[in-house]
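Enquirer: Sharing a structure with you now.
The values are calculated or read from the model by the stated rules, or taken from the named source; none is laboratory data. Remember, predicted model here, so these are calculated numbers, not experimental data. Note that each Cβ is placed from the backbone with ideal geometry, even for glycine, and that neighbours are counted across all protein chains shown.
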Amino acid sequence: MNFLKKFCSLVVAGIISSVASSANSCTFITLTGADGTVVASRTMEWGAFDLSPMMTFVAAGTKASSMKMPDGQEGAQWVTKYDVLGVTMLGQMLFGDGINSEGLNVSLLYLPGFAEYQAYDPNEAEISLAPVDFTGFMLSQFASVAEVKQAVEKIRLVPVVTPELGVAAPVHFSITDKSGDQIVVEYVGGALKVYEKTLGVMTNSPPYDWHINNARNYINMRSVDWPEIDANGIDLAPIGYGTGLLGLPGDFTPPSRFIRALAWTETSRATDGGEDTVHEALRILANFQLPMEATDKKLNPAELDILKYGGTQYTVSYDLKNLRAYFQTSENPKVRSVDFNKFDFGGTPTPLKIPMRDLSGSFATDVTPIR
């Protein structure tokens, strides 16, 4: 717990140390296939402790509520309008990301040092949410980005402390629907900010508008190599493949990952849609797998032991057209999927969770010829 106290104090102070920035280095991307399939995908990095991610099914008609407010009052309470499928964490109904039956995706990513929520007003407790309840609320209540844009103006996101962190989780959100419409929602300086023009990718701090401005430094990136030039009669040709992305940053910081995610989605191959687009998204996100060497094991080696294969706790890709989720974990890199159309939400009166770290199968398929 000493590490958590130190970590939380750094967040509160707004100091993004090498430990903090690498331990919560989530990356989000979107791709669109030729048939109109929109795929929203993300990695979940968290090197501080085990998030215990579970693929969770919640049927429409389920009663739900926010965490209690800072003064102990009940917060917002609602009945889910749509079926929801997504990843919950910490053994609770706290969605890190998910999809609903209408093809809406919401993904929560960290924003340490900058996220600052609206002031809590006891008189508005019934429309107030904890930051970690935002994802589940939006997924269960709204069908499109347009509806979410209206909804965020009518709710309040207030600084309710997440016990496992010791502070109100500093987060921001990417919201995408099956049409490809997308917004980014942040709370900075106590004010709501909605970015209606996005680049289709998101990482962590600083806020989203900073990343958009920073992207202007990399507009020279392209998918093909630069041609040779003549310099005083000498032909100077590229030394090798890859000059089109010369200068692409390679470290784990949020600004560098944002630029890599943008470069690789903008130069990705054309896909047919469906699993072909999901395959391309997972291929891109494989470049963002966080090795455990990027965190300080000396701080708490016991809690980091379960993450021995790396700090990326899971990678998930949501097909918003065909309503399927594909996922893998560091412990089990095999891609597994769940299908909205095959699951009986009507026969699930209470939320159903399945472990994402299923190690029952073999690590590799033995294809040795048998004579």
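Enquirer: For residues that are assigned to a helix (DSSP H, G or I) and among the acidic types (Asp, Glu), scanning just the range 109-133, find the one that is surrounded by the most Cβ atoms within 10 Å (Cβ to Cβ). Spell out how you get there, then give the answer.
Expert: If we filter the range 109-133 for residues that are assigned to a helix (DSSP H, G or I), which is where we start, we get 122-127, 131-133.
The next check asks that each one be among the acidic types (Asp, Glu); those that pass are 124, 126, 133.
On the way: 124: 16, 126: 13, 133: 23.
Among them, the one singled out is 133.
Enquirer: Every residue in the range 98-108 that is in contact with a strand residue (DSSP E or B) (Cβ under 9 Å, 6 or more places away or on another chain) and assigned to a loop (DSSP other than H, G, I, E, B), please.
Expert: Of the range 98-108, the ones in contact with a strand residue (DSSP E or B) (Cβ under 9 Å, 6 or more places away or on another chain) are 98-101, 103-108.
Passing the criteria: 101, 103, 104.
Enquirer: Being modelled with pLDDT of 90 or more and farther than 24 Å from residue 184 by Cβ is the filter; apply it to the range 1-51 and report the residue that is surrounded by the most Cβ atoms within 10 Å (Cβ to Cβ).
Expert: Step by step, filter the range 1-51, then rank; the result is 35.
Enquirer: Okay, next question. Scan the range 81-97 for residues that are in a loop (DSSP other than H, G, I, E, B) and within 24 Å of residue 46 (Cβ to Cβ) and jot them down. I'd like the intermediate steps shown before the answer.
Expert: Just the residues of the range 81-97 that are in a loop (DSSP other than H, G, I, E, B), to begin with: 81-83, 90-93.
Within the range 81-97, 90, 91, 92, 93 qualify.
Enquirer: For residue 63, indicate whether it is free of Cβ contacts under 8 Å to residues at least 60 places away in the same chain and at negative phi. Don't jump to the end; show me each part of the working.
Expert: On the way: free of Cβ contacts under 8 Å to residues at least 60 places away in the same chain: yes; at negative phi: yes.
Against the criterion (free of Cβ contacts under 8 Å to residues at least 60 places away in the same chain and at negative phi), residue 63 qualifies.
Enquirer: Follow-up question, since we're still on this one. From the list 128, 140, exactly one residue is of a type in the set (Ser, Thr, Tyr) and closer than 17 Å to residue 174 by Cα. Which is it?
Expert: Details: 128 fails: closer than 17 Å to residue 174 by Cα.
Only one candidate qualifies: 140.
Enquirer: Answer yes or no: is there a residue in the range 302-324 that is surrounded by fewer than 18 Cβ atoms within 10 Å (Cβ to Cβ), of a type in the set (Ser, Thr, Tyr) and at pLDDT 95 or above. Even if it seems obvious, please write down each step before you answer.
Expert: First, pick out the residues of the range 302-324 that are surrounded by fewer than 18 Cβ atoms within 10 Å (Cβ to Cβ): 302-303, 305-306, 308-309.
Subset that is of a type in the set (Ser, Thr, Tyr): 309.
Filter once more, keeping what is at pLDDT 95 or above: none.
No, the conditions are met nowhere in the range 302-324.
Enquirer: For the range 244-289, give me each residue that is hydroxyl-bearing (Ser, Thr, Tyr) and part of a loop (DSSP other than H, G, I, E, B). Write out each step before concluding.
Expert: Our first condition is that a residue be hydroxyl-bearing (Ser, Thr, Tyr); within the range 244-289, this holds for 253, 256, 265, 267-268, 271, 277.
253, 267, 268, 271 - these are the residues of the range 244-289 that are hydroxyl-bearing (Ser, Thr, Tyr) and part of a loop (DSSP other than H, G, I, E, B).
Enquirer: Residue under question is residue 111, and the condition is that it be at pLDDT 95 or above and in contact with a His (Cβ under 6 Å, 6 or more places away or on another chain); does it hold? Talk me through it step by step, then tell me what you get.
Expert: Details: at pLDDT 95 or above: yes; in contact with a His (Cβ under 6 Å, 6 or more places away or on another chain): yes.
Judged against the criteria, residue 111 is a match.
Enquirer: Another question, then. In the list 81, 154, 149, 178, which residue meets the criterion of being in contact with a Leu (Cβ under 6 Å, 6 or more places away or on another chain) and surrounded by fewer than 24 Cβ atoms within 10 Å (Cβ to Cβ)?
Expert: Values: 81 fails: in contact with a Leu (Cβ under 6 Å, 6 or more places away or on another chain); 154 fails: in contact with a Leu (Cβ under 6 Å, 6 or more places away or on another chain); 149 fails: in contact with a Leu (Cβ under 6 Å, 6 or more places away or on another chain).
None of the other options fit; the residue is 178.
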